[in-house]
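Since every read-out is calculated from the coordinates, none of them should be taken as a lab result. Just so we're clear, the structure is a prediction, and the values are computed from it rather than from any experiment. Methodologically, a virtual Cβ is constructed for each residue, glycine included, from the backbone with ideal geometry; neighbour enumeration extends over all protein chains shown.
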Amino acid sequence: METCDVLIVGGGPAGSSCAWKLRQRGMSVTVMDKAQFPRDKVCAGWITPAVVQALQFDTGDYAKGRVLQPITAIRTGLIHGRELETRYPATISFGIRRCEFDHYLLQRSGARLRLGETLKSLDKRGSLWIANDAIAAPLLIGAGGHFCPVARHLGAKLGAAEDAVTAKEIEFEMDAEQDAGCRVRADTPEIYFCRDLKGYGWCFRKGNYLNIGLGREGHQGLAEHLEDFCDFLKQRGKIPGNIPDKFHGHAYLLRGHAGRKLLDEGVLLVGDAAGLAYAQSGEGIRPAVESGLIAAAVVADAGEDYRYQRLQAYAERLSARFGSEAAPAADMIPGFVRKVLARGLLGSRWATRHVVLDRWFLHARQPAL
Ligand SMILES: Cc1cc2nc3c(=O)[nH]c(=O)nc-3n(C[C@H](O)[C@H](O)[C@H](O)COP(=O)(O)OP(=O)(O)OC[C@H]3O[C@@H](n4cnc5c(N)ncnc54)[C@H](O)[C@@H]3O)c2cc1C
């Protein structure tokens, strides 16, 4: 039986960030993931600078042989509506490819890796968690994303019962003909909201890779909205006519809509497993990374006392950072007001920059962890 101080199930940004910080605090960590890495993840691959800072990421090192696309402007509007371009004097975000980003973070974490291994069984023997009858640890971190088996163990009803965002995307390397037919600039991703304002589509060029997708509240109508969005992009001459048609789908929960139990004796959930993505933008990588780092600090400070009361500090620190689950994000405008306002906001240069982009998408006022 392999033993470690902390077993992390899931090697995405939440799991690898948590592992990295725990290793820095001298703990022995095993990360189990059902996938072999590098693996892909359905995602636009947009990260805000706070992620880079919190992970003490050497962008020069990372960019060697990997895509790291600086973003200095954003085009926004309603699908089929008027477009606005908002330019910034410096880099406001980066485009990454998840197959590269997640692999890099996991390798860098310093954890023992068990890749290609699915969590199939989870038992508690005394104070120890036993996973797959093969690994024993007193502390378990559920970082398995939206369908995390540890979240299920804590009682989450995974699937249609939850109030999830559903999204689809494709990412592909453009050939010379597609490149010639693509008018989206690499430093200027484009975001267009559905007319009912229940979701938005994006078109995002990262080097020579093009990522197109759309995400919406709920489980209804995604395919129709995506088709309409792609038609709009083609009509405006933004994307080539011959993009691949095999979009990949995924779901995830927004903070304030999740309601998942975050912890129990000897166990914590981080990232999408906990349902932490920002409600305004759907950005999930930053909350995944930050929750992983917060969880690691709480665990390392617990002095091997992993009782519920001791780990409760994790839930308190998440609420302080992201707003409480009942009343998320202190600066969030209530959904119904947002819907009335959003059409006006998207038509105004000032409001697009200061509210839609700086506040909702870039979280410019919230310093890095
Ligand atoms: C279409 C789409 C676009 C998005 N675009 C963005 C974006 O541009 N920027 C942004 O910030 N966020 C974006 N998000 C959200 C973001 O992708 C997630 O919030 C983020 O990946 C969460 O990271 P995580 O580490 O919690 O989970 P994940 O990245 O999902 O990692 C979970 C890991 O757990 C493993 N796992 C799952 N089950 C098991 C099991 N049974 N046993 C072992 N291992 C298991 C998986 O293989 C996976 O590697 C997007 C989401 C979608 C769906």
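Data overview
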item: Gain in span if fully extended, Glu224 to Ala180, counting 0.36 nm per residue against the direct Cα distance; result: 13.1 nm
item: Other-chain or far-sequence residues with amide H under 5 Å of Ile8's (modelled H); result: Thr30, Val31, Met32, Ile141
item: Distance-filtered residues of the range 166-192 - backbone nitrogen under 17 Å, label point 7 angstrom along Asp40 Cα→Cβ; result: 167-175
item: Sites Ser348 and Asp163, calculated FRET efficiency, Cβ-Cβ separation with R0 35 Å, nearest 0.05; result: 0.70
item: Tail beyond 37 Å, pair distance distribution of the chain (Cα, percent); result: 18
item: Given Lys21/Lys124; Lys168/Lys198; Lys34/Lys64; Lys120/Lys168; Lys41/Lys157; Lys41/Lys238, the pairs whose alpha carbons are separated by over 19 Å; result: Lys21/Lys124; Lys34/Lys64; Lys120/Lys168; Lys41/Lys157; Lys41/Lys238
item: Cα long-axis angle, helix 335-347 against the chain (0 to 90 degrees, to the nearest 10); result: 40
item: The chain, relative contact order [Cα under 8 Å, separation at least 6], %; result: 22
item: Length-normalised contact order for the range 1-110 - Cα pairs under 8 Å, 6+ apart - percent; result: 34
item: Top of Trp350, Trp202, Trp46 by mean-square fluctuation, Gaussian network on the chain, Cα under 10 Å; result: Trp350
item: Order of Met1, Met174 - criterion: other Cβ atoms within 10 Å of each residue's Cβ, fewest first; result: Met1, Met174
item: C-alpha center-to-center spacing [the range 102-141, the range 1-62] in angstrom; result: 13
item: Theoretical gain in end-to-end length, Glu304 to Ala90 [0.36 nm per residue, Cα-Cα removed]; result: 72.6 nm
item: Pairwise centroid distance, computed over Cα atoms, of the range 209-261 with the range 159-207, Å; result: 6
item: The range 193-209 - phi-based ³J(HN,Hα) in whole Hz, Karplus 6.51/-1.76/1.60, Gly and Pro as x; result: 8, 5, 5, 7, 6, 9, x, 8, x, 9, 9, 9, 9, 10, x, 9, 9
item: Rounded tilt (10° steps) of 222-235 against the dominant C-alpha axis of the chain; result: 40
item: Residue-by-residue Karplus 3J(HN,Hα) for the range 251-267, coefficients 6.51, -1.76, 1.60, Hz, glycine and proline x; result: 10, 7, 9, 9, 4, x, 10, 8, x, 7, 5, 8, 7, 7, 4, x, 8
item: Cα-based helix-to-principal-axis angle, 285-301 vs the chain, degrees rounded to 10; result: 20
item: Length gained when the stretch Ser324-Asp231 is fully extended (0.36 nm per residue, less Cα-Cα span); result: 29.6 nm
item: Backbone HN-Hα couplings from phi across the range 143-159 [Karplus 6.51/-1.76/1.60, Hz, Gly and Pro as x]; result: 10, x, x, 4, 9, 4, x, 6, 4, 4, 4, 8, x, 5, 8, 5, x
item: Most mobile listed residue (Gly207, Gly45, Gly26) in the chain, GNM with C-alpha springs under 10 Å; result: Gly26
item: Choice from Ala297, Ala251, Ala180 with maximal GNM fluctuation in the chain (Cα, 10 Å cutoff); result: Ala180
item: Under 11 Å from the Glu83 label point (7 Å along Cα→beta-carbon), backbone N, the range 203-223; result: 203
item: Amide H contacts under 5 Å for Val267, placed H, 5+ residues apart; result: Leu140
item: Fraction of beta bridges assigned by DSSP in the chain that are antiparallel (%, nearest 5); result: 70
